[in-house]
Amino acid sequence: MSQVTFETVAECSRTRARAGLLHTPHGTIETPVFMPVGTQATVKGLTQRDLADDLGVPILLANTYHLYLRPGHELIREMGGLHRFMSWPNAILTDSGGFQVFSLAGIRKIREHGVEFQSHLDGDLHTFTPESTVDVQLAFGSDILMALDECPEYPVSHEYARESMHRTLRWAGEANRHFQRSVVQGMTGHALFPIVQGSMFADLRRECASALLDLDADGYAIGGLSVGEPRPLSLEMVEATEEILPRSRPRYAMGVGMPAELPEYVARGIDMMDCVLPSRNARNGYLFTSEGRVIIKHQRYRNDPRPIDPACKCYTCKNYSRAYLRHLYQAGEILYSVLATRHNVRRYLDIMSEIRHAIISDSFPEYLKCARSAPVAAE
Ligand SMILES: [Zn+2]
């Protein structure tokens, strides 16, 4: 019996949006949920106390590719698993490593049994197979594991996308069989999500989603988005896929998106999202507010006594001015990244919380309309 289960709490009467509860061995998560990205078992600029206690983050994403290469999954297993290693009390989802192999690794060769790649750290050769990436994630003790997939670049031909999607399907079956053996042996009660691929072809997306239903997985992910395609196309792919996936399972759109996109994905039946944008953009001086973006290096903020976002209740906004943050940024101070990341992550969590409340009070379409007409830049 899986310890990862999903229940729907409320459904929007006019869109595909729903609010739910995702139960995991490390806590119950209110959905829709945004998962901050802790690539190297850390969200850059924040302590685990900031994340869990101050921000209330219920689930983090960590990257299998990075942690497999360094410090290695055997070391993490020896240190008691990822939760203990990084001292994180809440849930962890790990990706399969597929996306990083295809975007970061040096020379790589896609074989039928898996993918061979060269580490971007030292050039060593490694192989990921559907089984080995499950084993790596089992060593981490992730609450939610992802099946190895091939994430094709954009654009690719229909022919290549089809061949690649069939490989992803085959890998998902192999990963699932291997994972189920561990479940039967009582080694894990966690969940493995397969990933729908098919590039930007709706027919392939539908074919992939339909075939994955056979796995009767605890949740399904939609991958291969945010690879350079125009945004309307990503949303179209989600629409094509989502109507096939069972409503009783959580759906996860991988690697999306900007604040304005979050309600768009939710409106299309998505429950889980992750993105590096709040933390990465924070470090680059790009802050998200309820009134639009703030580019903190701009001269206009030099003597601006207002907080980043007057409507935000985060520690940064309660205590510091735009003028001070701009000064820290210009001076290259570490504290800038700490304060800016804390705010940006809070902004994403606030958006998800507003969305959830709107769904529960059946006012989500109005919320969506408002979000679509929101200003791009703050004053
Ligand atoms: Zn704030």
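Quick note: the coordinates plus some simple rules give every number you see, no bench work behind them. All figures in this text were calculated on a predicted structure; none of them were measured in a lab. A quick note on method: Cβ atoms are made from the backbone with ideal geometry, for glycine too, and the neighbour counts reach across all protein chains shown.
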FRET efficiency for ALA260 and THR127, using Cβ-Cβ distance with R0 set to 35 Å, rounded to 0.05
0.30
Alpha-carbon centroid distance for the pair region 204-276 / region 1-69, whole angstrom
16
Computed about the Cα centre, the charge dipole of region 69-197 from +1 Lys/Arg and -1 Asp/Glu charges at the Cβ has a magnitude in debye, to the nearest 20, of 200
Please identify every one of the GluC sites (Glu not before Pro) in region 68-118 that sits in a loop by DSSP and has no more than 13 other beta carbons within 10 Å of its own beta carbon.
GLU112
So for the chain, taking the charge dipole from beta-carbon charges (+1 Lys/Arg, -1 Asp/Glu), which of PRO152, PRO250, THR28 sits furthest toward the positive end?
THR28
Ranked by how many other beta carbons lie within 10 Å on average, peptides 252-264, 48-60 from highest:
252-264, 48-60
May I ask you to derive the FRET efficiency for ARG111 and GLU229 from their Cβ-Cβ distance with R0 = 35 Å, giving the value to the nearest 0.05?
0.85
How many lysine pairs in the chain, separated by 8 or more positions in sequence or lying on different chains, have Cα atoms less than 25 Å apart?
6
Between region 86-108 and region 285-327, what's the alpha-carbon centroid distance in Å?
32
So, with points 7 Å from each Cα along the Cβ direction, the SER157-GLU243 label distance in nm works out to 3.0
Value of relative contact order over the chain, rounded to a whole percent, pairs C-alpha under 8 Å and six or more apart
18
In nm, to one decimal, how far is the modelled label at THR47 from the one at GLN180, with both set 7 Å along Cα→Cβ?
4.5
ASP218 long-range amide H proximity, modeled H, under 5 Å:
LEU192
Computed about the Cα centre, the charge dipole of region 149-219 from +1 Lys/Arg and -1 Asp/Glu charges at the Cβ has a magnitude in debye, to the nearest 20, of 160
Which of the peptides 368-378, 205-215 is most tightly packed, and how do the rest follow, judged by the mean count of other Cβ atoms within 10 Å per residue?
205-215, 368-378
Residue-ordered couplings for region 275-290, obtained by feeding phi - 60° into the Karplus form 6.51 cos²θ - 1.76 cosθ + 1.60 and rounding to whole Hz (Gly and Pro as x), are 6, 7, 4, x, 7, 5, 5, 4, 5, 8, x, 10, 10, 9, 10, 5
Where both partners of a DSSP beta bridge lie in the chain, what percent of those bridges are antiparallel, to the nearest 5?
50
Just grab the label-to-label distance for VAL276 and MET79, each label 7 Å out from Cα along the Cβ direction, in nm (one decimal).
2.0
If the only charges are +1 at each Lys and Arg Cβ and -1 at each Asp and Glu Cβ, what is the size of the charge dipole of region 297-347 around the Cα centre, to the nearest 20 debye?
160
Checking rank on 142-149, 217-224, 15-22, with mean other Cβ inside 10 Å and highest first, the result is 142-149, 217-224, 15-22
Put +1 on the Cβ of every Lys and Arg and -1 on every Asp and Glu Cβ in region 43-98; which of LEU75, GLY98, THR64 then has its Cα farthest towards the positive end of the dipole?
LEU75
FRET efficiency for GLN118 and ARG170 from the Cβ-Cβ distance with R0 = 25 Å, rounded to 0.05, comes out at 0.55
Fewest Cβ neighbours within 10 Å first, please rank PHE193, PHE128, PHE201 accordingly.
PHE201, PHE128, PHE193
